[in-house]
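Below: one structure, written as C-alpha cells.
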Amino acid sequence: MVTIIFYVFVGVSIVQLVYYLAIFGKFAFAKSKPATPKKIPISVIVCAKNEAEKVKQFVPLLAAQNYPDFEIVLIDDASADDTLDIFEEFEKQYSNVKLVKVENNEAFWGNKKYALTLGIKAASKEYLLFTDADCYPATTDWITQMSSHFTLNKTIVLGYGGYEKVKNSFLNKIIRFDTMLMATQYFAWAKLGKPYTGEGRNLAYKREEFFKVNGFIDHMNIRTGEDALFINQAATPKNTTVCYSPESFTYCEAKKTFKDWFAQKRRHDYTTAFFSTSDKLQLRVYTITQVLFFILAILLLSLQYDWRFTVPVIALRYLASWVTIGYSAAKLKEKDVIYWFPIIEIIITFTKINVFFTNMFSKPVHWK
C-alpha cells in the first residue's frame, strides 16, 4: 500500500515538473526581445467608481506619459464621492482627456462592464490601453512599451500589474508572490499559444477585438471578470502577445488584511469557473497536484517510507519549482518574495482550497 502511495507521489511530482519546467519555464527562461516603438494612436481607458483620492494622484501620471498621440478616456461609473468633480477638472486641465459619465441604469446597475463598454465606444483611437483607477504606470514610457508589441496580427497585449511593496509585511509578500505566480502562468500559456486570461490593471487590445465577440455581452450578468473573461473569449494564438519589460508595469496598493485578500481570491476563483473547459482543467490540475504533492510527501515521511526514494523526489520538485519561479520573479521585479517560496507556496495552496470550498456554498460579493 505504501509503495502504491509512493508511485502516485512520483506521478504527481512529474506533473508538477512539467508545469514548472515545460510550461512556466516558457516564460521564466525566455530571453527578452526589445520591441520597436511605434506611434500608433492610443486611447488609455480608466474606469472609476468612488476613487476620488486615487484618481487625483494618478491621472496626472497618465497625462505625463511620453507618447506622441494618446487620449485619456476617464469613465465615472456613477460615483457617490468627488470622483466626477475631479474628472471634470482634469477635462478642463488636459486637452487630451475625454470624460464619460455613467448614470445608474436599472438593467446594469453598478456593472463595471456596462461602464467600460460606454468608454470603449467613446474612445476615438483604434488601439485601447486599460488600467484601473487605483493604479499608476511605473514609468513615463508605459504607453510606449505596451503599444510597441502591437503588429498587424498581434492585436491583444497582456501586461503585468503588480502591487506596491510594503516593508515588514508578510501578507504583502504573499499577495505579491501570488500575483507574480498568476502572471507567470498567463504569460507562459500565452507564449505556448494558449492564452487564457489577462489583468485589467495592464491590458491592451485593438478595438475591433472587442466588437468581434460582442464585447462583454456573453458574460454581462457576471459581475466580475471584465478583463479575464473577455481575454478568455477573445484571445487566440495568432492575435495575442505579452509585454513584460519593467518600464511597462503598473502598480497599485495591495490589500492590507487577510480577510480582504481572501475575498479578492474568492472573486478570482469564481471568475475562473466561467473559463473554457480546457483552461479550467489546466488550472485545476496544477492546483490539485500541488495539494497532493504536500499531502503525499507528509504521508510518506510520517509512514517512514524509505527516505532514499522520497527525499530525492521532494528535492527535485522543489529545486525545479524554486529555480523556475526565481527566474520569473526576477523578470517581474519581485525577487524578494522568492526567498519565502516554500512557506508562501503552502499558504497560497491551502488558501486556494479554502476559497474553492467557500465558493461552493456562497457567491463572493462584488465590490465595485
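All of the numbers you see were taken from the coordinates with simple rules; none came from a lab. Remember, predicted model here, so these are calculated numbers, not experimental data. Quick reminder, even Gly has a Cβ in these numbers, built from the backbone with ideal geometry, and neighbours come from all protein chains shown.
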Expressed in Å to one decimal, the Kirkwood Rh of the stretch 42-258 from all distinct alpha-carbon pairs is 17.5 Å
Nearest 10 degrees is fine. How inclined is helix 2-17 to the longest principal axis of the chain, computing both from alpha carbons? 30 degrees
Between SER124 and GLU53, Cβ-based FRET efficiency (R0 35 Å, step 0.05) works out to 0.75
Two pseudo-spin positions, 7 Å from Cα along C-beta at VAL10 and at ASN354, lie apart in nanometres by 3.6 nm
Do the alpha carbons of any pairs in LYS280/LYS363; LYS113/LYS331; LYS191/LYS238; LYS112/LYS191; LYS212/LYS265 sit beyond 21 Å of each other, and which pairs? LYS113/LYS331; LYS112/LYS191; LYS212/LYS265
What full-extension length gain, to one decimal in nm, is calculated for ASN66 and GLU164 as 0.36 nm per residue of separation minus the Cα-Cα distance? 33.0 nm
How much length is gained on full extension from LYS259 to LYS335, taking 0.36 nm per residue of separation minus their Cα-Cα distance? 24.8 nm
Can you give me the convex hull volume of the Cα atoms of the chain, divided per residue and expressed in Å³? 139 Å³
In the Gaussian network model of the chain, springs joining C-alpha atoms below 10 Å, which of THR250, THR117, THR197 carries the largest mean-square fluctuation? THR117
Along the stretch 134-148, Karplus-curve 3J(HN,Hα) (6.51, -1.76, 1.60; θ = phi - 60°) to the nearest Hz, with x for Gly and Pro, reads 9, 10, 9, x, 5, 9, 7, 9, 4, 4, 4, 5, 5, 6, 5
Which value, in Å³ per residue, describes the convex hull spanned by the Cα atoms of the stretch 105-202? 148 Å³
The stretch 199-316, dipole about Cα centre (Lys/Arg Cβ +1, Asp/Glu Cβ -1), debye to the nearest 20: 220 debye
Tilt, helix 83-93 to longest principal axis of the chain (alpha-carbon atoms), in degrees rounded to tens, equals 60 degrees
For the chain, with the dipole built from +1 on Lys and Arg beta-carbon atoms and -1 on Asp and Glu ones, taken about the Cα centre, which of PHE230, THR241, SER43 lies farthest toward the positive end? THR241
FRET E, pair ASN214, LEU21, Förster distance 41 Å, beta-carbon r, rounded to 0.05: 0.60
In debye to the nearest 20, how big a dipole does the stretch 1-122 give about its Cα centre with +1 on each Lys and Arg Cβ and -1 on each Asp and Glu Cβ? 980 debye
Looking only at TYR114, TYR67, TYR305, which one moves most when the chain is put into a Gaussian network model with springs between Cα atoms under 10 Å? TYR305
Based on the Cβ-Cβ distance from LEU319 to SER362, what FRET efficiency comes out when R0 is 45 Å, to the nearest 0.05? 0.70
For the modelled label position 7 Å from the Cα of LEU281 along Cα-to-Cβ, which residues of the stretch 10-27 have backbone nitrogen atoms closer than 15 Å? none
